[in-house]
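The values are calculated or read from the model by the stated rules, or taken from the named source; none is laboratory data. Remember, predicted model here, so these are calculated numbers, not experimental data. Positions of Cβ are generated from backbone atoms using ideal geometry, with glycine treated the same way; all protein chains shown enter the neighbour counts. Ligands, DNA and RNA are stripped out before the accessible areas are found, and what is left, the full protein with its side chains, is counted by its heavy atoms. Shrake-Rupley method; radii C 1.70, N 1.55, O 1.52, S 1.80 Å.
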Amino acid sequence: MRRSPWVGSAGVSVLAEIPDLPESFDSKDDFLAGAQRYRRELLAHCYRMTGSLHDAEDLVQETYLRAWKSYEGFQGRSSVRTWLYRIATNTCLTSLDGRKRRPLPSGLGQPSSDPTGDIAEHREITWLEPLPDAPKEDPSDPSVIVESRESVRLAFVAALQHLSARQRAVLVLREVLQWKAAEVAEAIGTSTAAVNSLLQRARAQLDAVRPSEDGDVVAPDSREAGEQLARYVAAFENYDMDELVKLFTADAIFEMPPFDGWYQGPADIVTLSKTHCPAQGPGDMRFLATTANGQPAAALYMLNRETGRHEEFQLHVLEVRPGGVSHVVAFHAGEGLFARFGLPDVLV
């Protein structure tokens, strides 16, 4: 099978290494309790499908409710995990029916913006949301093993938004989870030929959105990523714009939903910071390092001059390559974003 340049090798071969649940339980409640071990990986699956952490959480709840209600009809022809994925996939397909895609500003089809121009906020657009990474301190969490970083990276999830819901489902099931075409066909209620056709069109769509290979992205827990993130944080906290210029690759992109503009190149990114960032000098910005979507990230706290406190402002999710920082998505901190990442709303 052709390997997608968008995702790594995690999938069924890795899933199979995790002991599955037995095929029968004393009660539906026992089943539901045991099936909780798959919650995080199902959350990642629903997130890939929807691009929304909030929606994914609701869809996982709905998946478990549907599984509980229909458990007596489960015949054991597949593993419990596979059965749950089928339910989750169809729950997502139903939810996505008639909904608009969740883009990033750079995916709206407009050219890069003038960093000295006005910036326009559009909260009516349902923007792509970031995903907190699995807790590293819990090695028993299946998602630590299962969830490939490539399959939840912002670039991949944003690209999926250009596909129809069924194309999305087919591509994720085939190339992230590595299901066979016949298994996918049975899961979504279509033919194997239709699955192969949907997959072919999905691959072509992804290649048109971003045809370059992504294999040189630096892992978030690598020394290089840590050093780049530390330099990035220090440059902003010290308000050192000259140092900031040096950190970005020549074609780097910076965007900050819900503002619809996106900016390319180190000079434009720094001009944007000088022109529109409310910080006025060193000490106005403070950061907490974290990870999101399998990428290095940092929570930005901006000084509120009226209260004298550093308050939640943006979550910067970085794509780091050997040449420097190549992409930053700075998500606005509203609507409980920091709380979902376990971050305080104020730094003291």
Requested in this report: Look through Leu300, Leu315, Leu288, Leu272 and report the one residue that is in contact with a strand residue (DSSP E or B) (Cβ under 9 Å, 6 or more places away or on another chain), in contact (Cβ under 8 Å) with a residue 24 or more places away in the chain and open to solvent by 10 Å² or more (accessible area, probe 1.4 Å).
Outcome: Leu288
**Report entry** Among residues of the stretch 52-82, those that are over 17 Å from Ser27 (Cα atoms) and assigned to a helix (DSSP H, G or I), counted
**Finding:** 13
Query raised in the report: Can you tell me which residues in the stretch 85-112 are surrounded by 18 or more Cβ atoms within 10 Å (Cβ to Cβ), out of contact with any Asp or Glu (no Cβ under 8 Å at 6 or more places or on another chain) and either among the small types (Gly, Ala, Ser) or over 18 Å from Arg168 (Cβ atoms) (or both)?
Result: Ala88, Gly107
Query raised in the report: Would a scan of the stretch 113-124 turn up a residue that is crowded, with 21+ Cβ neighbours inside 10 Å, more than 30 Å from Lys69 (Cα to Cα) and under 22 Å from the mean Cα position of the chain (by Cα)?
Result: no
Query - Complete set of residues in the stretch 322-336 that are in contact with a Ser or Thr (Cβ under 6 Å, 6 or more places away or on another chain) and within 12 Å of Ile269 (Cα to Cα) - result: Ser326
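Let's see how each residue does on (1) part of a helix (DSSP H, G or I); (2) modelled with pLDDT of 95 or more:
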position	(1), (2)
Ala134	no, no
Ser140	no, no
Val144	yes, no
Leu173	yes, yes
Trp179	no, yes
Query raised in the report: Mind checking which residues of the stretch 222-265 are within 23 Å of Ala333 (Cβ to Cβ), of a type in the set (Ser, Thr, Tyr) and open to solvent by 10 Å² or more (accessible area, probe 1.4 Å)?
Result: Tyr239
Query raised in the report: Considering Gly34, Gly98, Gly109, which residue is modelled with pLDDT of 80 or more, within 26 Å of Ala330 (Cβ to Cβ) and of a type in the set (Gly, Ala, Ser)?
Result: Gly109
